[in-house]
Amino acid sequence: MDEAPRRPRQRRPEVLGPMPSTKPTHRKVIIIGSGPAGLTAAIYAARANLEPLMFEGIEAGGQLMLTTEVENYPGFPDGMMGPDLMKNFREQALRFGTEIVGADVEAVDLSQRPFRMTVDGEDYTADAVIISTGATARMLGLESERELLGHGVSTCATCDGFFFRDKPIAVVGGGDTAIEEALFLTKFATRVTVIHRRDELRASKILAERAFANDKIDFRWNATVTDVQGDGKVERVELTDTVTGETSTLDVDGLFVAIGHDPTTGLFAGQLDLDENGYILTEPDSTVTSVEGVFAAGDVQDHVFRQAVTAAGSGCMAAIEAERWLEAEAHSAG
Ligand code: NAP
């Protein structure tokens with residue numbers, strides 16, 4: 001975990017990839033979102049001659065753009081920097097003819113076909129839509145946390161736990177994710193301290209009991225992380241007691257922020273069935289959503305695995321399902 005790349009904060013001035021050049025702005029398939037799910041869907045859809053158009057968003061590339069070394073993506077035995085991996089995905093999607101537009105979708109109308117999208121004030125229509133807008137990990141909102149992201153601060157134990165062998169670490173949060181991550185991290189760390197802002201876990205009883213019984217896990221109750229400190233990498237965190245207001249420090253090499261994720265589904269609320277946490281509901285073993293012709297892949301519909309490889313897998317599924325659905329529609333129309 002070195003050289004943490006930074007998420008571009010400003011709108012990128014250049015469009016990477018050809019703009020949708022000429023009218024008409026109707027496409028067989030439009031893909032919204034450009035993480036591993038969207039770009040894999042693009043590769044498969046392009047290779048199926050569906051000539052997909054992708055709106056990659058202003059913050060293109062998804063969560064891997066915020067990571068450093070990725071060591072668990074199959075096919076790269078020496079690991080790969082997250083942004084480099086996404087660049088490869090993107091080049092592969094372009095190679096087969098995907099059109100990529102570096103803009104956010106402003107509005108969608110999935111109530112009638114063709115589906116309609118507004119981008120930079122212009123309307124586009126599509127017979128099928130693949131949604132792969134992902135999710136973002138909630139952060140504490142500290143400047144120091146942002147600065148040390150990828151240098152000891154992480155939002156994914158499965159991805160980064162391995163970097164903390166024989167080191168003390170902390171996990172912030174009291175939900176199922178935090179406790180599951182804390183349990184997983186005991187495989188590597190010498191000590192895992194769970195920092196929770198209340199004196200009671202939100203996590204399910206079974207996970208909580210497993211954590212209480214684990215010698216490597218201890219708890220700092222009624223505490224919030226108010227600063228992450230270290231010279232270029234995490235060395236300690238400052239804690240503030242939520243009851244007394246007293247501050248203290250805890251020496252750790254890593255801080256895992258596990259306070260929940262927010263799926264990027266604001267555009268689709270009221271148009272697609274979402275679960276109680278805002279994730280798009282898909283049919284079992286499928287990317288089919290509640291609206292025929294609309295498919296969802298990756299973290300926007302998966303709050304369980306949240307891995308680049310599973311997102312890529314579901315992106316492949318979405319393209320194949322979109323292709324089969326379009327084929328069936330063409331048959332029934334003709
Ligand atoms: P969550 O259930 O929303 O829990 C978030 C935790 O972070 C809560 O304990 C919350 O504290 C804390 N928190 C939130 N904002 C904070 C802040 N700014 N500073 C400090 N702490 C903060 O999220 P999750 O754990 O990611 O789980 C999401 C959903 O997935 C849940 O429905 C969960 O059951 C499910 N899930 C299930 C499993 C499983 O069954 N194995 C595994 C993972 C996730 P408070 O408690 O004080 O609100």
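Structure data summary
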quantity	calculated
Restricting segment 233-256 to residues that are under 25 Å from the mean Cα position of the chain (by Cα) and part of a loop (DSSP other than H, G, I, E, B), the residue that is farthest from ILE179 (Cα to Cα)	LYS233
Residue in segment 220-228 that is aromatic (Phe, Trp, Tyr) and either part of a strand (DSSP E or B) or away from the ligand (no atom under 16 Å from the Cβ) (or both) present	no
Lone qualifier among ALA333, ALA322 - being away from the ligand (no atom under 16 Å from the Cβ) and either free of Cβ contacts under 8 Å to residues at least 12 places away in the same chain or of a type in the set (D, E, K, R) (or both)	ALA333
Subset of segment 257-266 (residues that are more than 12 Å from the ligand (Cβ to nearest atom) and part of a loop (DSSP other than H, G, I, E, B))	THR264, THR265
Qualifying positions in segment 182-217 - among the aliphatic types (A, V, I, L, M), more than 8 Å from the ligand (Cβ to nearest atom), in a loop (DSSP other than H, G, I, E, B) and surrounded by 17 or more Cβ atoms within 10 Å (Cβ to Cβ)	ALA189
The listed residue being among the hydrophobic types (A, V, I, L, M, F, W, C) and farther than 30 Å from GLY270 by Cβ, out of ILE58, ILE100, ILE43	ILE43
Among (1) under 25 Å from GLY175 (Cβ atoms); (2) in a loop (DSSP other than H, G, I, E, B); (3) in contact with a strand residue (DSSP E or B) (Cβ under 8 Å, 6 or more places away or on another chain), the one test that VAL291 misses	(1)
The lone exception for ASP123 - which of (1) assigned to a strand (DSSP E or B); (2) in contact with a Cys (Cβ under 7 Å, 6 or more places away or on another chain); (3) not hydrophobic (A, V, I, L, M, F, W, C) it fails	(2)
Counted residues, segment 136-151 - those being touching a residue at least 24 places away in the same chain (Cβ under 8 Å), outside any helix (DSSP H, G or I), within 16 Å of the ligand (Cβ to nearest atom) and not hydroxyl-bearing (Ser, Thr, Tyr)	6
Failed item, numbered, when ASP160 is tested on (1) within 16 Å of the ligand (Cβ to nearest atom); (2) within 18 Å of the chain's Cα centre (by Cα)	(1)
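Here, each number is a calculation from the coordinates, and none is a lab measurement. Here the structure is a predicted model, which means the values were calculated and not measured. FYI the Cβ positions are ideal-geometry reconstructions off the backbone, even for glycines, and counts take in every protein chain you see.
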